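The values are calculated or read from the model by the stated rules, or taken from the named source; none is laboratory data. These numbers come from a predicted model, not from an experiment. Here the Cβ positions follow ideal geometry from the backbone for every residue, glycine too, while neighbour counts run over all protein chains shown. Only protein heavy atoms, including side chains, enter the accessible area calculation; ligands, DNA and RNA are left aside. Shrake-Rupley method; radii C 1.70, N 1.55, O 1.52, S 1.80 Å.
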Amino acid sequence: MELAPNTKLSTLSDDIEKEGILDATGALQQRAAQIRGEQVNWMCYRQGNMITQEDYDFIIAFDKARDKKGRDAILETQAHQCSKTFLSLLGHISKDQTLQYILIMIDDMLQEDKSRVELFKPTKHSKKKTDSLWSPFLSLLNRPDGFITNMTSRIIAKLACWSKELMDGSDLNFYLTWLKDQLRQPNNEYIQSVARCLQMMLRIDEYRLAFVAVDGISKLVTVLAGKGNYQIQYQLIFCIWVMTFNVTLAEKMNKFNVIPILSDILSECPKEKVTRIILATLKNLIEKPEDSSISRDNAIAMVQCKVLKQLDILQSRRFDDPDIVEDLEFLTETLQTSIQDLSSFDEYSTEVKSGRLEWSPVHNSEKFWRENTPRLNEKNYELLKILIYLLESSKDPLVLSVAAHDIGEYVRHYPRGKHIIEGLGGKQQVMHLLSHDDPNVRYQALLCVQKLMVHNWEYLGRQLEKETSQAIPAKG
């Protein structure tokens, strides 16, 4: 029996280290292991009056406790002192090495027992109305030290996900924007930790919606398109997968070009964990939308992106994971059904929306253009606008050639096509391509411009043929 979305998500561990410490967070945990072996001279801070006697007594005892039982014994009687001491230390100590050590102590403490996040809950006598579990940590995200900011990020994720209080408002926006910005940092050695924090956060629906509001999906897709290592691919696709359990997001997801990216990775990455999460995501994109037309469009997009071919290859492999087998069967059956119902216009529309134009049969089919040209006006000229956008933004000569050709065919077959294309700014984009480096692009652009410049392309063609034949003297 299939699990309901929330049930299926609840079977996943939200433990940030569940998938293997070094594998899931990489460089951050390797560095943390080194720092744990170092010693902090707390007495030096006490003698310099940088920490109080209360803070000194607590941190010495807690630092010396070697196991959970020992730490539980301390917290049983000094729970309030715990958060008070840690927050005081973070506020009064500026040395990076010591801050690193303190943050690791906090992170380890929370990792050992999730309920300890409540220790950081502000007291009723808090001076600031804006105080929350995470507010003392947010300012640390602005520190220049990468280890400090990313270890802080892990702590914030745990506080936001494991506490009874949900993060919201400007705090949530600030944190999610920080995570998104870290994804685009070139050569970010802590990117696996960033992705792992997102994996935790996006399991919660309110956080998913907030992440979309800061344009997070676009950033995930951009990073995935950059061909990262398989671990990053898995973690970021996991983020997309959990978001598809929200019906609204599942219906919007392929507007971000998710299906073509997932198709590419499916064909290139041999890792089973990546295959599993891609198949699960593709299944959700068909199964979760309540609008059947969106499910159908997503299935057609998968066909267009050659997903069926990859499914056939995967069917020949042996998988012990029943989820992979089930998802393979579901996708294969659904996509094969979609092919049977696929019209030539559906095929064309999906190809255009994918942005991956090629010389498929419909482009050169006179019958297709004669029968379907008016449909390019549907949804406020949606397909025409995409073609014009591709002329402006694509760097692929094949895409540019096909897009220019299709705009020319639209103008040739639709009486008001010339005026519509000019109104949408298409003529200007085609004209720019007349000086393109690629000869095929220049040729298709020239043909398109010629069609835009005359009112009756076919009549002109016949006239040229007639004049040419009359100019050649008869033999005899």
* Tell me which residues, restricted to region 203-222, are of a type in the set (Asp, Glu) and more than 13 Å from the chain's Cα centre (by Cα). => 205, 206
* Quick check: anything in region 309-326 surrounded by 16 or more Cβ atoms within 10 Å (Cβ to Cβ), in contact with a Lys or Arg (Cβ under 8 Å, 6 or more places away or on another chain), modelled with pLDDT under 90 and not small (Gly, Ala, Ser)? -> no
* To do: Would you please name the residue that is most open to solvent (accessible area, probe 1.4 Å), looking only at residues in region 226-252 that are closer than 18 Å to residue 297 by Cα and charged (D, E, K, R)?
  => 252
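Out of curiosity, is residue 342 at pLDDT below 90, under 19 Å from residue 254 (Cβ atoms), surrounded by 12 or more Cβ atoms within 10 Å (Cβ to Cβ) and not charged (D, E, K, R)? Explain how you work it out, then say what you get.
Values: at pLDDT below 90: yes; under 19 Å from residue 254 (Cβ atoms): yes; surrounded by 12 or more Cβ atoms within 10 Å (Cβ to Cβ): yes; not charged (D, E, K, R): yes.
The answer is yes for residue 342.
Could you pull out every one of the helices (runs of 4 or more DSSP H) wholly within region 286-365 that has 2 or more residues that are more than 24 Å from the chain's Cα centre (by Cα)?
Working: elements: 292-304, 307-315, 322-341, 344-354.
Correct list: 307-315, 322-341, 344-354.
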* To do: Please go through region 144-170 and pick out each residue that is among the hydroxyl-bearing types (Ser, Thr, Tyr), buried (at least 17 other Cβ atoms within 10 Å of the Cβ) and assigned to a helix (DSSP H, G or I).
  => 149, 152, 153
* Asked: Is it true that some residue in region 369-389 is touching an Asp or Glu at 6+ places or on another chain (Cβ under 8 Å), assigned to a helix (DSSP H, G or I) and modelled with pLDDT under 90?
  -> no
* Asked: Would region 25-44 turn up any residue that is over 30 Å from residue 235 (Cα atoms) and among the hydroxyl-bearing types (Ser, Thr, Tyr)?
  -> no
* **Considering residues of region 394-428 that are closer than 17 Å to residue 382 by Cβ and open to solvent by less than 10 Å² (accessible area, probe 1.4 Å) only, the residue modelled with the lowest pLDDT** => 417
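Looking at the structure I just gave you, is residue 275 open to solvent by 10 Å² or more (accessible area, probe 1.4 Å) and closer than 26 Å to residue 247 by Cβ? Write out each step before concluding.
Values: open to solvent by 10 Å² or more (accessible area, probe 1.4 Å): no; closer than 26 Å to residue 247 by Cβ: yes.
No; evaluated as a whole, the condition is false for this residue.
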* Of the residues that make up region 205-221, is at least one among the small types (Gly, Ala, Ser) and in a loop (DSSP other than H, G, I, E, B)? -> no
* **Checklist (1) open to solvent by 40 Å² or more (accessible area, probe 1.4 Å); (2) in a helix (DSSP H, G or I); (3) farther than 22 Å from residue 350 by Cα; (4) not basic (Lys, Arg) applied to residue 270, failing item** => (2)
